[in-house]
Every structure is written in C-alpha cells, then in structure tokens.
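**Q** Following this message is one structure expressed as structure tokens.
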Amino acid sequence: VAADDKFESFRGSMADLDEDREQRIRRRFEELRGPIRPADSGTDEGTKVAPVHLVATPVESPRSSRHRRPVLVGVAAAVVLMILIGVMSLVRSSGDSTDVSSSIDDLPLGELAARAGARADVELPPGGILHGTQVEGLRTAEVRERAATLTLRTLEEWARSDGTGTLRTSSDAIALGPGTPMGTPTAEQDVDVVEPGPLQRALPYDELRALPTDPNDMLTLVQSKVSPDDPASAAEWLAKMLSIEVVPPAARAAGFGALELLGAEPIGQLTSYSNVSSNAYAGTDKNGRPWVVLVDPVTTRVTGFAALGGQGEGTFRDAERWLEFGPQEIVNELPN
Amino acid sequence: VDGPTDLPELEPPTGISESAFEELYTAHVGRVYGFLARRVGASLAEDLAAQTFFEAWAGRHRYDASRGASVGWLYGIATNLLRRHRRREDSQLRAFARVGVDPTEDFDESTVVDRLMVRAGWQRVAAALSELSEIDRDILTLAGWAKLSYEEIAEALDLSIGTVKSRLHRARTHLARRLAPSIDLT
C-alpha cells in the first residue's frame, strides 16, 4: 500500500491542467481537426479516409494464381494487401522501382528460412563497429480535405560489440508528398550509447550471436521480450532482429520460422517509402489488424516493418507507423 | 483500481455526435493531459492530449459504446500515441533514477528543496518504472494515475481482463520490492 501511494503521487503535481495549457491544447486540437462546416453536422462524411495518394501497386505473382488458397484466406489477404499499400508507400510507383526477381516474389517463409540458413555468416571483428540507419514513419489520420501527415525520423547508429557507440537522431521531417526528403541526422543530437545492444537496442551482441536456432525456441524468446499475446510486437521484434547483418544464419532461419508460427503469409511485393520493392509477409493480430514484414528475398535481410495501431477496425487511418531499415556496414571508427 | 470512475460515460451506442464529442472533450481533457504529463512531461503532453482528441474525433464514427466505457477507448488512443515516445520516456526515467532530478519538470528554484527532500523515494519510483516492460508500465500507470478500472484498461490496451489483473499484480509487486528500502527513509 505504501508503495502504491508513493507511486500514485509520483509526478502528481504535473497532472494539473491550468487555463493556459487548456487553451493551448484546445487550439492545437482545433488546428488538427479543422473548422467544422455546418453541412457536416451530424454526419461522418468528413472523417472518411481514402488512400488516394497512396498508389504503389504490388507485383502480382504469376504463381499466385496457380496456388489457389481457401477463399477466406484470399479475402483476408486482399484486405490486408489493400491496407498495406497505404501503409508502406507514399510514392507513386511507375515501374521504376528497384524490383527484385519476380520469380521469387511470393517465396514461402519456409524457403526464405532455408535461404537465410545458407547465407554467409557475418561477424563483427574485434574493434569493428556496426553502422546502420532506420527510418521511422509516423502517420496521423486524413480528415476531410486534409492530407494525412507523415512524420519521418531517421536514426543512425554506430555500435561496438560491447554495445557502446553513438546514436544520432534526425529532427522530424513532415512529408507532404512524394520526394519529400527524410530527416537528416545531425551530429548536434548525438547521444553516447553506453548500454548493450547493437542497432536500436535489439539485443547485446553476444546474445545476437547466441540466438535460438529452432523456430519454436525463437518464438518463446521473442514472446518473453514482448507481450505473449501481441503478435504485432513479436513480429516487429523479429523484423528488427532480422534486419541486423551480424545475426548468425541459423538464427535468421529460425526467425523466419517464428514469423511463420505467428501466421505470416506472403502477399506479393510492396514498395517502401524509399522506393525499394521487397517481398511482403503479412499477419494479423487477434483483432484482425494487419502487420507486415518486408524482406529482400535475395539477401534474406528484413528491410521494413509496418503495423496498424490505434483503435478501430483496421482501416487505413489506423496505419500509423512503419519502419524502414537502411543498409548496414562494418566500420572502424565512431563518427566525429 | 477496479471501481467505477466518476467521469460521465457516453451514451450513443455507435458513433458520437459532435455535441457528445464536445462533452467528452470537456469531461476528459484534464485527466488525459494529466496522465500524459506524468508519463512524458507537460510540454509534450499538451501536444499528445490534442492529438488524442483529434484521433478520437477522426474515429468517432467507429466508436462502439457496447464494447465498453468511453474512458478505455480514449486512453487506448493516448497510450498508442505514447508508444511513439517510448525511447524518450525511458531515457527520462533513467536520468531521473540516476541523478535525482526529473527532466520532465520545468526548473523552479522554489521546488528544489522539496524535490531534494523526497528525491530518494522518487528516484526509486523512476527506476522501478524504467525497469517495467512497455505493457506493464502502461497497465500500472493507467491503473494508478488514470484510475482506470480493469475493464477500462483491458479495452484501452486490447487485452483480456485476466491479463490486466495478472500483469498489474506483477508490476505492483515489482514496485513494492523496489520501493521497500526507501519508504522508511522518506
């Protein structure tokens, strides 16, 4: 009881909302919402969301028509696909994206796992520093004539095997349409990282190198890291792990196996914000809200992840967050 | 934490009219802001509170009162927005635990003495919070700070009531263990 009381009074003085703050919140809310037109009163027309500016088209696999799946799965996949088109791409794809081989665009996860297991192992040498970037897109809803706001943030990280290194974060950039540059990380915001965990704190390097090689064990480990009844969080964790180049091949294979255990299925190709086409593997959480993992089938490296969050039924406006993982390299020095 | 809140509940079974939404806003803006401020500080909380109500407004046609109280729905939106700032919240809590000064607080000389007097206790709370998983921290703060019931937390976080109860118990146990040495000193 004493601990509860202590906790409940923690930062208690911050909870007070004075008049100035209340007015600022109201102003900000009305800026976001826009004026209410009299004609809209009592209707919901103004809140309908159509992904009209989201136009990338997934590549239709020639093989997919030959492998007829149960109707329900097909319908679910179509719904997921329509939503994910909105999630993953703000760029009009006119065929100029970087296509990977069309013959492997719906590679089953089992085959992807086999490919991952056969790839060369990449280790961090003594003194080596793993360097990589991650772009995060955060979306607000589209309301009436207002386009959805997409905020981009780039994280750039240099990590030694002991987990120390540097984390550099960009200022947020508001994307207003195709071609808007992503945030550029600047040295002013560098943070010295002193905790273990190469690249976005996935795991300490030693643990990355000792990850399970059995899909069931991998899933058990993941579910101990996130909520066990939250497949989307588990998939995101796996996606981050599978984006890291220094994860051993056998663990990569187990990671794809774990994604399959979570219910992921290939849904063709999708184009990311930076116009890279990848294989897409989608699953849903217990409420039917989809998540997707993007994979380069040639390198078996995960290139992106997106999840639908928020409340509601999984319509496009709930697609509020995606991650895109940039290339990684091993360097010898931290940034200046 | 399982008692009813004293806030008005919304009546429409599906969707919320503009007038009902206005009532919702007026009734809850203070508490939603307070919850957010205690998680990430006052400045960011202002923006997140506005965004919470904007998201609620944009999705008001999908609101289904038959699924539960409106309170859970609203805090679910707020909690989702908070997740975008998880890294910031973590670093603030760790800094607080380490040096005893809350980075989310505006500096005010008049409060320094008060803050120092209780800092041992607060540091332990910050440390305990920083050690919780995201979901356990959400549950604990929704119960302790937002005063949501089990049902409302379950709705907000899309979890079963059983999961909420067991995780809340675990989080409280963790808190009690972490705070035990400091209670006699403060």
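Computed from the coordinates by the stated procedures, all read-outs in this text should not be read as laboratory data. The structure displayed is predicted, hence computed values, not measured ones. Here the Cβ is made from the backbone with ideal geometry for all residues, glycine too, and neighbour counts use every protein chain on show.
**Q** Can you spot the lysines whose alpha carbon is less than 21 Å from A:K6's alpha carbon? Ignore those fewer than 8 places along the same chain.
**A** B:K147, B:K165
**Q** Continuing with this model, one more query. Subtract the Cα-Cα distance of A:E329 and A:T220 from 0.36 nm times their separation in residues, and report this length gain in nm to one decimal.
**A** On the way: separation 109, 0.36 × 109 = 39.24 nm, distance 2.96 nm.
Extending this stretch completely gives an extra 36.3 nm.
**Q** Report, as an integer, the average count of C-beta atoms from other chains found within 10 Å of each Cβ along B:166-172.
**A** Average neighbour count from other chains, rounded to a whole number: 1.
**Q** With labels modelled as points extended 7 Å from the Cα through the Cβ direction, what inter-label distance (nm, one decimal) is found for A:D296 paired with B:I161?
**A** With each label placed 7 Å out from Cα toward Cβ, I get 5.0 nm.
**Q** In addition: So for the pair B:S17, B:E151, with labels modelled 7 Å out along Cα→Cβ, what separation do we get in nm?
**A** 2.5 nm
**Q** Ok, one more. Which FRET efficiency, nearest 0.05, do A:E31 and A:A210 yield, Cβ-Cβ r, R0 41 Å? Numbers along the way, then the final one.
**A** Details: r = 50 Å, r/R0 = 1.22.
Calculated transfer efficiency: 0.25.
**Q** Give me the number: length gained by fully extending B:T173 to B:R98, i.e. 0.36 nm times residue separation minus the C-alpha to C-alpha distance, one decimal in nm.
**A** Using 0.36 nm per residue and subtracting the Cα-Cα distance, I get 24.8 nm.
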